[in-house]
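Just so you know, all these numbers are worked out from the coordinates, no wet-lab data involved. Owing to the predicted nature of the structure, the values given are computational and were not obtained by experimental measurement. Positions of Cβ are backbone-derived with ideal geometry, glycine not excepted, and every protein chain shown enters the neighbour counts.
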Amino acid sequence: MYSERYMYHFQSPLYVGEMLDATAQAEVCYEQNGCMDKVCLYLKLDDGVICDVRFRARGCSGTVAVCSAMCALLVGQRIETAAELDPTTLAIELGGVPHDKEHSLSLARKALTAAIERASSVKEIPAVGRA
């Protein structure tokens, strides 16, 4: 059974789209059991804080719902805090994830980990007007 929060994030996903000025992006795939879900996650950082995030997904309802919920949790977080976000927290945020959609939790986490790794290897450019 799908929770109300799960359906909200699936039917009206937040933070969908590309980000041309992202600090970092990562694209990951899940290719097991005939599933070919793919997530591209974009992070924009300002002084170590995630000020914007976007995702594109090709996948099941779980992938869309989990990515939407994850993005909502990431905005405003320090990158170090975001790195600690785990699949259990995402599942709780969604009011549960059906067993056959649980792969979406690890896929979203994999995308986040990859984007954070890329962000840590990129030197941030100071925002306009900042000394």
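Of the helices (runs of 4 or more DSSP H) entirely within region 24-131, those holding at least 2 residues that are touching a Ser or Thr at 6+ places or on another chain (Cβ under 7 Å) occupy 61-74, 103-120. Which count do you get for residues in region 64-94 that are in contact with a Phe, Trp or Tyr (Cβ under 9 Å, 6 or more places away or on another chain) and surrounded by fewer than 17 Cβ atoms within 10 Å (Cβ to Cβ)? Number of matching residues: 2. Quick check, is Ser61 of a type outside the set (A, V, I, L, M, F, W, C), out of contact with any Gly (no Cβ under 7 Å at 6 or more places or on another chain), buried (at least 20 other Cβ atoms within 10 Å of the Cβ) and over 15 Å from Cys29 (Cβ atoms)? So Ser61 fails the test. Starting from region 50-62, keep only residues that are in contact (Cβ under 8 Å) with a residue 24 or more places away in the chain, then list their pairs with residues that are among the aromatic types (Phe, Trp, Tyr) and in a loop (DSSP other than H, G, I, E, B) whose Cβ atoms are within a distance under 7 Å, requiring at least 6 positions of separation or different chains. Close Cβ pairs satisfying both conditions: Val53/Tyr15; Arg54/Tyr15; Phe55/Tyr15. Scanning region 52-88 for residues that are over 13 Å from the mean Cα position of the chain (by Cα) and polar (S, T, N, Q), we see that the one that is nearest to Gln11 (Cα to Cα) is Ser61. Leu45 meets all of the listed conditions (1) more than 12 Å from Leu112 (Cα to Cα); (2) without any contact (Cβ under 8 Å) to a residue 24 or more places away in the chain; (3) buried (at least 17 other Cβ atoms within 10 Å of the Cβ) but one, namely (2).
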